[in-house]
Amino acid sequence: MPTKEKRLQEMHESAEAFGKINDDGFLGRTLPNMLQLFELLKDLKGEPEPELEELLGNLDEPFSATLMKFIDESGMKDSQVYKRAGIDRRTFSKIRNPDYRPTKRTVLALAIGLELNLDKTEELLKCAGYAFSQSRKFDVIVQFFITNKRYDIMEINEVLYDYDQALLGG
């Protein structure tokens, strides 16, 4: 079986032949050239890049696994964490599903409940597909409290409320 590079070269040559002007001044768009080009495109479409397969095989652990790891490291029970985070049991149960994507507010509430430092909070956010933004008041306020090791969710929510921001929790 020819390599992907070889097939790409063949496709390029077919594409050139497909668009060349012949001696009569017409584009040389012959049916065999078109069919060959379409076959090559069809072959290439179904085969993912080896680099992509490698990347997909090395995904980071999902949010739920990272959260459970942090809970285990903290020595707290699950119920302690979700209560401290202001999240109900049903929402916490959904989070255990690796395909579930929590809101950013929920992720940050859990980080507060676990009393994570800023680096671990950023790791948890990243696993859920989020990041802190210095252009959002909400993010700056939560970062301030985490950096200063002030993990009282009620205090944080009071300040968020004072600045007309969404509150942490579920």
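A few comments on the model shown:
- Filtering the stretch 139-152 to residues that are part of a loop (DSSP other than H, G, I, E, B) and either in contact (Cβ under 8 Å) with a residue 24 or more places away in the chain or within 24 Å of Glu61 (Cβ to Cβ) (or both) leaves Lys149, Tyr151.
- Which listed residue is of a type in the set (Val, Ile, Thr) and touching a residue at least 40 places away in the same chain (Cβ under 8 Å), from Thr91, Thr103, Thr121: Thr91
Yes/no matrix, rows are residues, columns are (1) at pLDDT 95 or above; (2) in contact with a helix residue (DSSP H, G or I) (Cβ under 8 Å, 6 or more places away or on another chain); (3) over 16 Å from Ala109 (Cα atoms); (4) not charged (D, E, K, R):
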| position | (1), (2), (3), (4) |
| --- | --- |
| Leu59 | no, no, yes, yes |
| Ile71 | yes, yes, no, yes |
| Asp88 | no, yes, no, no |
| Pro98 | no, yes, yes, yes |
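- Summed over the stretch 111-170, the residues that are surrounded by fewer than 11 Cβ atoms within 10 Å (Cβ to Cβ) and in contact with a Gly (Cβ under 8 Å, 6 or more places away or on another chain) give a count of 0.
- Note on the stretch 100-138: residues that are under 18 Å from Gly86 (Cβ atoms), part of a helix (DSSP H, G or I) and under 20 Å from the mean Cα position of the chain (by Cα) amount to 11.
- All told, Glu115 meets the bar of being on the phi > 0 side of the Ramachandran plot, touching a residue at least 40 places away in the same chain (Cβ under 8 Å), of a type outside the set (Ser, Thr, Tyr) and assigned by TED's automatic domain parsing to the domain that holds Pro98.
- Subset tally (residues that are in a helix (DSSP H, G or I) and not aromatic (Phe, Trp, Tyr)) for the stretch 87-99: 6
The values are calculated or read from the model by the stated rules, or taken from the named source; none is laboratory data. Owing to the predicted nature of the structure, the values given are computational and were not obtained by experimental measurement. Positions of Cβ are generated from backbone atoms using ideal geometry, with glycine treated the same way; all protein chains shown enter the neighbour counts.
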